1. Looking at region 294-312, is at least one residue in contact with a Lys or Arg (Cβ under 7 Å, 6 or more places away or on another chain) and in a helix (DSSP H, G or I)?
2. Right, residue 200: aliphatic (A, V, I, L, M) and closer than 17 Å to residue 221 by Cα or not?
3. What are the residues in region 273-290 that are within 23 Å of the chain's Cα centre (by Cα) and polar (S, T, N, Q), if any?
4. Of the conditions (1) within 21 Å of residue 454 (Cβ to Cβ); (2) surrounded by fewer than 18 Cβ atoms within 10 Å (Cβ to Cβ); (3) at pLDDT 95 or above, residue 385 fails just one. Which one is it?
5. Would you confirm, using the coordinates I've provided, whether residue 384 is of a type outside the set (Ser, Thr, Tyr) and not in a loop (DSSP other than H, G, I, E, B)?
6. Report, by residue number, each residue of region 285-304 that is away from ligand 2 (no atom under 16 Å from the Cβ) and at pLDDT 90 or above.
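The values are calculated or read from the model by the stated rules, or taken from the named source; none is laboratory data. Since the model is a prediction, treat every value here as computed from it, not as a measurement. Using ideal geometry, Cβ is built from the backbone for each residue, glycine included, and neighbour counts are taken over all protein chains shown.
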Amino acid sequence: MNNTRTNKSFEKINLDWKLVQSELKLKLGIEVYESWIKKIDLHEEFNNYILLSVPTRFIRDWITSRYLDQILQTIRKHKKQIIRIEFKILEKNNQKSEKFNDLNQKNEIENVSFIKDSHLQYSRIDPNKRFENFLIGSSNKIAFEASLKVSENISHYNPLYIYGGVGLGKTHLLNSIGHEMSKNKKVMFISAERFMYQFVKSIKSNEMVKFKENFRNTDVLLIDDIQFMNGKEAMQEEFFHTFNALLDKESKIIVSADRPPNKLSRIQERIKSRFSGGLVVDIQKPEYDLRRKIVNYKINELTNLYADKVNVTDEIQDFISNKVTTNVRELVGAINRIVSFSRIYNKLPSLSETKIILKDLLNLTENNVTIDSIQTIVCKFFKISKNEMLSSRRSRYLVRPRQTAIYLTKILTTKSLPEIGREFSNRDHTTIIHSVKTIEKLKEKNPDMNNNINKLKNIILYNKEG
Ligand code: ADP
Ligand code: MG
């Protein structure tokens, strides 16, 4: 597994995975460590995401539904630019997988070998993401139909540009197009990050010609997450020419992004204008009907993997569909948790157990935490006034509460550092970073501090003490 990492010498930081694991051991406890964390290997590191491997699907689902945030947080302490984690199922030779995995395992293993000899093979089409298992509602219908038309070769628009927020199904659609078209066409499916990685690698190894040929020979080019393409004139130049060459020979180009073309930053104007020249469609947040449909479908899909079927009640299905509204990924995560719970405890969770299992997801959805409410609650907790908190006085009895409020704002809201700075009497963003770091350190060393933070979190998030 390590050999995939050694040839990436230009990556500046190599994550010490053992260290990350031992920090997680401290954070999550020995039991969680032994049962789950220990079983994760670092498979490959990329610029801003990493690929972890686990022996079974079940372990992956369990880990993603419960510990992903903490794992990501810990990783980011060592490598700030990592913004997401992907998992691969890698069955260990000497270890037989759980029986319900066999079918899917096969696909996943084939999938993994793609990555290993990625020298020439850029594609990584996930056979589990197809048109057939993409559920349609009013929020994603247009994107779905446009994708289907491209794959049936009856679309005159080129390129197709699909955009929408995280977890709404963009990658799923790109995958579906790739899956369908690869039956009789040369398809290349690559994330913008990977495109950049291959580009740099090709320059270093003098394989630019091969790189160009590779891209320009394809009938279908699918590029995921184009918003991550940035900087590097030379690369954008290459991309632009590849793009034109492909359009000239009527190859299909499909691009996904988290925003419309004109909102892309760091991408040349002429490339953006090419994107806008085709068909631009968006995916919206899923509406209730679609959420309900997905919940039902995913539960069936998951429970069919097990010999002893679990029947998640309508009440719980309704509850999830009603409460988890942000995106499909979270919806799927919620379902995974319910099914995992049922397997582990051999019973279905009750409604109140469901609320506990999904606590953070529910809260994310209904997140109405404001800086103002955090300041008010922290002031009350430490018995200081808001004026004191926002003043420039640096007495010790004010500094800690202030830092605590700043820290809580950072972790509980999506506000940027400068925004937080502004809300705390125009403090500089470096002061904000310093506060966050200070509290993080104190929390680790000082159980009282940790305790207080947890209490405050509970009050802020759930309006309750203790
Ligand atoms: P994005 O690329 O937009 O961030 P993904 O395509 O990765 O989102 O979707 C997140 C998860 O939700 C995936 O597991 C995907 O299969 C699933 N998903 C998204 N939309 C749908 C849908 N309409 N029907 C079924 N599954 C979906
Ligand atoms: Mg995606």
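1. Yes, region 294-312 contains at least one residue that is in contact with a Lys or Arg (Cβ under 7 Å, 6 or more places away or on another chain) and in a helix (DSSP H, G or I).
2. No; evaluated as a whole, the condition is false for this residue.
3. Result: 284, single match.
4. For residue 385, the exception is condition (1).
5. no
6. 287, 288, 289, 290, 291, 292, 293, 294, 295, 296, 297, 298
Residues are listed down the side, and each one gets a yes or a no for (1) part of a helix (DSSP H, G or I); (2) surrounded by 18 or more Cβ atoms within 10 Å (Cβ to Cβ); (3) under 35 Å from the mean Cα position of the chain (by Cα):
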residue	(1), (2), (3)
342	yes, yes, yes
352	yes, no, yes
362	yes, yes, yes
378	yes, yes, yes
394	no, no, no
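Here's the yes/no breakdown for (1) more than 19 Å from residue 166 (Cα to Cα); (2) away from ligand 1 (no atom under 12 Å from the Cβ); (3) surrounded by fewer than 16 Cβ atoms within 10 Å (Cβ to Cβ):
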site: 236; (1), (2), (3): yes, yes, no
site: 243; (1), (2), (3): yes, yes, no
site: 249; (1), (2), (3): yes, yes, yes
site: 255; (1), (2), (3): no, yes, no
site: 258; (1), (2), (3): no, no, no
site: 270; (1), (2), (3): yes, yes, yes
site: 276; (1), (2), (3): yes, yes, yes
site: 283; (1), (2), (3): no, no, no
site: 287; (1), (2), (3): no, no, yes
